[in-house]
Amino acid sequence: MDVSRQEAQESLQVIHEVAAQMRRNVARGGGPYYMVLWGAIWFLGFLMSHFVHDIYQGWVWLTLVFIGTVASAYLGYRFRSKVRSQIDVRFTHLWFAIIAYSSIWMWLAQPKTGEQASVLITSFMMFAYVVIGLWIERTAAWVGLIVTAFALLSYVLIRDYYFLCMAFLGGGTLMFSGFYILRKWK
């Protein structure tokens, strides 16, 4: 089957239009808002972890994760009418699976420091971003890879400032990515 140059260009144009429509749909859905929300939680949590004594870090994170969970439930409720496919159910199931398996692996690994626990949890969460990126939009995969790299490099090279680095590089990357999607993809 021979395809003319004109037909090939028309096909490519259709592909570009579908990709643009998909990006608009992602931007209109809740995904970018979750990124901004959890980026802000990471920023505050890691920032406070740098300045707060170790024995209080658990309470800081417990409080922030509770707030994030309630806010995420609100976002899910708010964007429920935008759900048009089973893909959103898959996202929910993916996050539950990541949380369940990361809990098992944390129990098995038994990290000895807050930094070790943080690197493990960060890698679990960013693995979900990579999977989502493979399913839907590669931008999420890049966010997952970049934040994982920041976490590992900060932990290995400048452990004394790990939490501070993660506040800006981890939380900041999530927030920036969410704002970028909201602004550029609509």
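Restricting attention to segment 2-34, which residues are at pLDDT 75 or above, farther than 15 Å from Thr139 by Cα and among the small types (Gly, Ala, Ser)? Correct list: Ser4 only.
Yes/no matrix, rows are residues, columns are (1) at pLDDT 90 or above; (2) crowded, with 17+ Cβ neighbours inside 10 Å; (3) farther than 23 Å from Phe176 by Cα:
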position	(1), (2), (3)
Phe79	no, no, no
Phe91	no, yes, no
Ala100	yes, no, yes
Trp142	yes, no, no
Val156	yes, no, yes
Arg159	yes, no, yes
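Examine segment 35-52 for a residue that is of a type outside the set (Asp, Glu) and modelled with pLDDT under 70, and state whether such a residue exists.
Within segment 35-52, the first condition is being of a type outside the set (Asp, Glu), and the residues that meet it are 35-52.
Then drop every residue that is not modelled with pLDDT under 70, which leaves none.
Looking through segment 35-52, none of the residues is of a type outside the set (Asp, Glu) and modelled with pLDDT under 70.
Selection of segment 125-152 for residues being free of Cβ contacts under 8 Å to residues at least 12 places away in the same chain and within 24 Å of Met48 (Cβ to Cβ) yields only Ala149.
The values are calculated or read from the model by the stated rules, or taken from the named source; none is laboratory data. Quick caveat, the model's predicted, so the values are computed rather than measured. As a convention, Cβ positions derive from the backbone with ideal geometry for all residues, glycine included, and neighbour counts pool all protein chains shown.
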